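The values are calculated or read from the model by the stated rules, or taken from the named source; none is laboratory data. Everything numeric in this text was worked out from a predicted model, so none of it was measured. Positions of Cβ are generated from backbone atoms using ideal geometry, with glycine treated the same way; all protein chains shown enter the neighbour counts.
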Amino acid sequence: MGLAFIVLLSLSGEVHAQRIESLLNIPGDSWRETRPLTERLVRHSGRVKTITIHYTGMPQNPQNDLRKKLRGLTNYSIANPKGPQWGDMPYHYYIDMDGKAGKGRDEAYRPDTNTGYNTDGHITIVVEGDNNDPLHDVQRVKLMAMIKSLEQKHGLRPQDVGIHKHYHPPGKTSCPGDHITQLINDYRRAPPVPLLTTGTPRPAPLIPSVRPNTQQPSGSSSGFLTLDDLATK
């Protein structure tokens, strides 16, 4: 726990943003068993302005694979017997405890929330876990790669990246927990680093500096990670 752990991303030292599709471990909507109920969804009124990070608020579950987690969240969101029934899972992207990512709601539609903030213009990424779970290094690397990809896609800056509790009075929600809150706050404060195109010489690395996590999910490595460690399979 002594030395700062630098999240390294592949291809360039600054962060060469990859297309979001290349970061998904399950192609598009291939995991779906039913189609979203688009009549329950609301389109953004204009361009995407914000990337907002959530956690699932549930303990990490090593028993279910990513497909089962995406289906379970979607089915519950559509048929929720205890609350609002939405047209799809509420988030646009999902990162599981092993750092594997899947696409959720279509980006054209606003995300949903139980906490009442205005989601127009928000793209959301949810990370599996609650405040009692570690943020695994594989989750950390995939989250930062997806953030950079979405920034490039939508013309956003680090200052346009937020967390769920940024949009509520203090104490109303703890989402996305202490680990992700620290990671995103550090990222927003880091000096801007330009995105590079293929073939551009690499500058010095990188953002953000975070402490190493000694607890890893099954099959993950420790020490310095790159996106090559998380290659889509």
>> Checking the condition in contact with a Lys or Arg (Cβ under 7 Å, 6 or more places away or on another chain) and under 30 Å from residue 155 (Cβ atoms), which residue from 95, 51 passes?
In response: 95
> From the residues in the stretch 76-111 that are modelled with pLDDT of 95 or more and closer than 19 Å to residue 173 by Cα, which one is nearest to the chain's Cα centre (by Cα)?
Replying inline: 91
> How many residues does the stretch 73-95 contain that are buried (at least 19 other Cβ atoms within 10 Å of the Cβ) and not hydroxyl-bearing (Ser, Thr, Tyr)?
Replying inline: 8
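Listed residues 143, 135, 195, 183; which is within 26 Å of residue 66 (Cα to Cα), part of a loop (DSSP other than H, G, I, E, B) and at pLDDT 50 or above? Step through it out loud before you land on a result.
Values: 143 fails: part of a loop (DSSP other than H, G, I, E, B); 195 fails: within 26 Å of residue 66 (Cα to Cα); 183 fails: part of a loop (DSSP other than H, G, I, E, B).
From the options 143, 135, 195, 183, the qualifying one is 135.
Going residue by residue through the stretch 123-130, is there one that turns out to be surrounded by 15 or more Cβ atoms within 10 Å (Cβ to Cβ), modelled with pLDDT under 95, within 21 Å of residue 96 (Cα to Cα) and in contact with a Phe, Trp or Tyr (Cβ under 9 Å, 6 or more places away or on another chain)?
Residues of the stretch 123-130 surrounded by 15 or more Cβ atoms within 10 Å (Cβ to Cβ): 123-130.
Next cut, modelled with pLDDT under 95 only: 130.
Those left that are additionally within 21 Å of residue 96 (Cα to Cα): 130.
Going one step further and asking which of them are in contact with a Phe, Trp or Tyr (Cβ under 9 Å, 6 or more places away or on another chain), we end up with 130.
Yes: one or more hits.
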>> List the residue pairs whose Cβ atoms are under 7 Å apart, where the first residue sits in the stretch 74-92 and is within 14 Å of residue 36 (Cβ to Cβ), the second is of a type in the set (D, E, K, R) and exposed (fewer than 13 other Cβ atoms within 10 Å of the Cβ), and the two are 6 or more positions apart or on different chains.
In response: 87/39
> On the given criteria, is residue 71 closer than 18 Å to residue 126 by Cα and at pLDDT 95 or above?
Replying inline: yes
